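Participant: Sharing a structure with you now.
The values are calculated or read from the model by the stated rules, or taken from the named source; none is laboratory data. Just so it is clear, the structure is predicted and the values come from calculations on it, not from any experiment. As a convention, Cβ positions derive from the backbone with ideal geometry for all residues, glycine included, and neighbour counts pool all protein chains shown. Just so you know, the surface numbers come from the protein's heavy atoms only, side chains and all, with ligands and any DNA or RNA stripped out. Shrake-Rupley method; radii C 1.70, N 1.55, O 1.52, S 1.80 Å.
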Amino acid sequence: MSEPVTTGDLVGPPSSTGARSPLEAPSGRDGEKSGLQKIMSGSVGRNLGLVLALLVLVVVGAVTAGESFTTLSNALVILRQASIIGVVSIGMTLVIIAGGIDLSVGSVLGLASIVATLAAIQDLADQTHWIVMILIALGVGLGAGLINGVVIAYGNVVAFMATLAMLVAARGLAEILAERRTLIVEDRGFISFMNADLIGVDVLIWIFAIVAALGWVILNRTTFGRRTVAIGGNREAARLAGINVKRHTMWLYAIAGLCAGIGAVMILGRTTAGSSTHGTLLELDVIAAVVVGGTLLVGGRGTITGTVFGVLIFATLTNVFVQNNLTSSVQAVAKGIIIVIAVLLQQRFAKPGGRQS
């Protein structure tokens, strides 16, 4: 039997998988090219592409709309418009990385906005504090997410069908509770807080930044995040490695629901009203932003940073169209083209076994 080749700390027989061993690694220009390709095919390269796409949109906006686009106030408008979709997208990113999908986030947001503005809840807020409205909205979102998670993880229902059922049910329940009326937020303290600014930046933007930062930490610096990626990469292998896949899946959908609840609080502050129409088709914009941000729909790879850029790309695109008085139909066509390009790029660059988080 031949002895394994040993060089320093590297010990091992020739690779049986077809990959080059360390001793066979190319040198010189070939090695440098391989290293560059490896970096560009990873999260750094994908995020760099998103940055370039965003810069192109900014240049187009500056050229076509002039000074009205390049002002600081317009930049804050873009961030404010991106904030609600951005918060919901953070939860969706975690779900999709794990190989799932949540079609109900828009309806859950609408339901949470209605429940939080019911007369009984607003009366309770008047007697105590407006924080009650926030807690109720978050509770509704978390509860709906938990229901999704239990049905999917323990009921073995396909995520698409389970969340589609929640989409319909939550929207219908919101309409019943609101009696198809818009419920006005009466508490001036809540409205003042949600429309305040800190060092010149709106509270909604700060909420988006905080949720995005927390999402990044969870995905990249915790065991929960590593397990999320592992489940998306190979569910059965994750189970055999000792991960409680069902429980983990349940909590992922709970987080997505909680993010929808946060989005409900934000839309209440922005519109000062609860409505069963809040969040209509929001799930499509959220999924689009996540996919454009580089998260694979099949799971196993994705970044919070990429999702943030995906949200900003769509928000900037919308602002450019508004500044140039283009119709919403043209916006829809442009968004569709961007989504198709993003999916094609995923198919081109996604390599089996090479997924990264």
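Participant: Once phi is turned into θ = phi - 60°, what whole-Hz ³J(HN,Hα) does the Karplus curve with 6.51, -1.76 and 1.60 give for every residue of the range 223-229, x standing for Gly and Pro?
Facilitator: Values per residue, Gly and Pro as x: 4, 4, x, 5, 5, 4, 5 Hz.
Participant: Express the relative contact order of the range 51-165 as a whole percentage, based on alpha carbon pairs under 8 Å and six or more residues apart in sequence. Walk me through the intermediate numbers first.
Facilitator: On the way: 61 pairs, mean separation 25.5, N = 115.
Relative contact order of the range 51-165: 22 percent.
Participant: Hey, another quick one. Per residue of the range 326-331, in order, report the coupling 6.51 cos²θ - 1.76 cosθ + 1.60 (Karplus, θ = phi - 60°) as ³J(HN,Hα) in whole Hz, putting x for Gly and Pro.
Facilitator: For the range 326-331, the Karplus-derived couplings read 8, 6, 5, 5, 5, 4 Hz, x marking Gly and Pro.
Participant: For the range 156-207, what is the accessible area per residue in Å², given a 1.4 Å probe and the full set of protein chains?
Facilitator: Roughly 60 Å² per residue, with all protein chains present.
Participant: Along the range 140-146, what does the Karplus equation 6.51 cos²θ - 1.76 cosθ + 1.60 (θ = phi - 60°) give for ³J(HN,Hα), rounded to whole Hz, x for Gly and Pro?
Facilitator: With coefficients 6.51, -1.76 and 1.60, one gets 5, x, 5, x, 5, x, 5 Hz.
Participant: With the crude spin-label approximation of a point 7 Å out along Cα→Cβ, what separation in nm comes out for R188 versus W206?
Facilitator: For R188 paired with W206, the spin-label model returns 2.1 nm.
Participant: Can you give the relative contact order of the range 206-316 as a percent, counting alpha carbon pairs under 8 Å and 6+ residues apart?
Facilitator: Numbers: 76 pairs, mean separation 30.8, N = 111.
Result for the range 206-316 is 28 percent.
Participant: Once you put a point 7 Å from the Cα of N244 and another 7 Å from the Cα of Q331, both along the Cβ direction, what distance in nm separates them?
Facilitator: 4.4 nm
Participant: May I pose another question? With all protein chains present and a 1.4 Å probe, how do D123, D285 order by accessible area, largest first?
Facilitator: D123, D285
Participant: Less than 13 Å Cβ to Cβ from M133, Lys/Arg counted +1 and Asp/Glu -1: what total charge do the surrounding residues give?
Facilitator: My count for the surroundings of M133 gives -3.
Participant: Give the residues of the range 92-132 whose amide nitrogen is closer than 16 Å to a point set 7 Å from the Cα of I176 in the direction of its Cβ.
Facilitator: From the range 92-132, the list is 108, 111-112, 114-115.
Participant: When a/c is below 1.5 the answer is rounded, else prolate if a/b is larger than b/c, else oblate, so apply that to the range 221-357 with a ≥ b ≥ c taken from the square roots of the Cα gyration tensor eigenvalues.
Facilitator: Since a/c reaches 1.5 but b/c is at least a/b, the shape of the range 221-357 is classed as oblate.
Participant: Moving on. Which far-off residues, 5 or more places away or on another chain, put their amide H under 5 Å from the one on A273, with H placed in the peptide plane?
Facilitator: Under 5 Å from the amide H of A273: V185.
Participant: Mind listing the long-range amide H neighbours of G300? Cut-off is under 5 Å, sequence gap 5 or more, other chains count too, H placed in the peptide plane at 1.01 Å from N.
Facilitator: Sorted by chain and number, the residues that satisfy this are A98, G99, G232, G233.
Participant: Moving on to the next point. Pairs of alpha-carbon atoms within less than 8 angstrom and 6+ residues apart define the contacts here; what relative contact order does the range 126-285 have, in percent? Please list the in-between numbers first.
Facilitator: Numbers: 137 pairs, mean separation 74.8, N = 160.
Taking the mean separation of contacting Cα pairs over the length of the range 126-285, I get 47 percent.
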